[in-house]
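The values are calculated or read from the model by the stated rules, or taken from the named source; none is laboratory data. Nothing here was measured: the structure is a model prediction, and the numbers come from that model. Positions of Cβ are generated from backbone atoms using ideal geometry, with glycine treated the same way; all protein chains shown enter the neighbour counts. Ligands, DNA and RNA are stripped out before the accessible areas are found, and what is left, the full protein with its side chains, is counted by its heavy atoms. Shrake-Rupley method; radii C 1.70, N 1.55, O 1.52, S 1.80 Å.
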Amino acid sequence: MGDLLIAPRAFFERLKASKPTLFAPLLVAVLASLLASLANVVATLFLPSLSFGSPLVFAVLGGIIFGLLSWGVYGLVLRLLAGAESRAWEVAGWASLPGVVVGLVLLPLAALFPVSGNLAAPPGLTDAEALREWTAQYTALVRGATFSRIAQGASVVGGIWSVGLTYVALRVLVPQRALIGTLGVAVISLGFIVWGLTR
């Protein structure tokens with residue numbers, strides 16, 4: 001996988017000559033999502049939580065589910081726009097590798113710059129107004145944290161990098177449809193980035 005980061009064109013040329021396989025690229029997509037989810041848990045470890053169970057368990061489950069869904073959506077968009085020869089779900093998985101790099105960077109940074117602040121324990125679920133107010137305070141605290149700003153910048157870099165890898169892959173596999181396939185993925189990536197910056 002190091003070749004994918006250093007010499008992506010050569011990596012995808014070898015991919016073109018090999019038999020299709022989904023396990024490794026799917027693993028990369030899920031790992032990218034899982035690392036991001038774990039970094040968020042580490043960053044908010046010292047804050048009160050609404051979770052009814054272990055935040056770690058929710059992070060793992062959420063990371064796996066979101067990784068599977070995002071991989072499926074990216075692959076479907078590539079399949080529809082770039083065609084059957086695009087190796088859509090393989091490309092979608094391999095193009096998630098920047099997310100793994102970003103996650104590996106964010107995990108130690110989450111421990112170094114945890115979110116902290118004065119926040120009371122969450123109110124009971126029956127008090128809707130108090131719960132709304134507490135949630136707004138929690139969100140504001142997290143948004144203003146140093147780690148959140150670092151994570152937002154890293155997600156933008158990772159998203160652009162991922163779109164770049166997608167373009168390189170499609171230029172090798174389906175050069176005549178590389179641009180339209182990449183634009184479709186870029187729109188989705190931009191949507192995820194905007195959602196991450198505004199939530």
A careful count of residues in the stretch 135-149 that are surrounded by fewer than 17 Cβ atoms within 10 Å (Cβ to Cβ) and in a helix (DSSP H, G or I) gives 8
Q. Any residue at all in the stretch 49-66 that is among the hydroxyl-bearing types (Ser, Thr, Tyr), open to solvent by less than 50 Å² (accessible area, probe 1.4 Å) and either farther than 19 Å from LEU112 by Cβ or modelled with pLDDT under 95 (or both)?
A. no
Of the residues in the stretch 171-194, those that are more than 13 Å from LEU80 (Cβ to Cβ) and aliphatic (A, V, I, L, M) come to VAL172, LEU173, ALA178, LEU179, ALA186, LEU190, ILE193, VAL194
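State which residue is least open to solvent (accessible area, probe 1.4 Å) when the search covers only the stretch 81-134 and only residues that are of a type in the set (Ser, Thr, Tyr) and within 25 Å of the chain's Cα centre (by Cα). Break it down into steps so the answer makes sense when it comes.
Our first condition is that a residue be of a type in the set (Ser, Thr, Tyr); within the stretch 81-134, this holds for 86, 96, 116, 126.
This time we only want the ones that are within 25 Å of the chain's Cα centre (by Cα), so: 86, 96, 116.
Details: SER86: 0, SER96: 29, SER116: 87 Å².
For the stretch 81-134, the residue satisfying everything is SER86.
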Here the residues within the stretch 150-196 that are open to solvent by 30 Å² or more (accessible area, probe 1.4 Å) and outside any helix (DSSP H, G or I) are none
Note on GLY83: of the conditions (1) on the phi > 0 side of the Ramachandran plot; (2) at pLDDT 95 or above; (3) among the small types (Gly, Ala, Ser), unmet is (2)
Going through the stretch 1-57 in order, the residues found to be farther than 14 Å from LEU97 by Cα, touching a residue at least 12 places away in the same chain (Cβ under 8 Å) and of a type in the set (A, V, I, L, M, F, W, C) are LEU15, LEU22, LEU38, ALA39, VAL41, VAL42, ALA43, LEU45, PHE46, LEU47, LEU50, LEU56
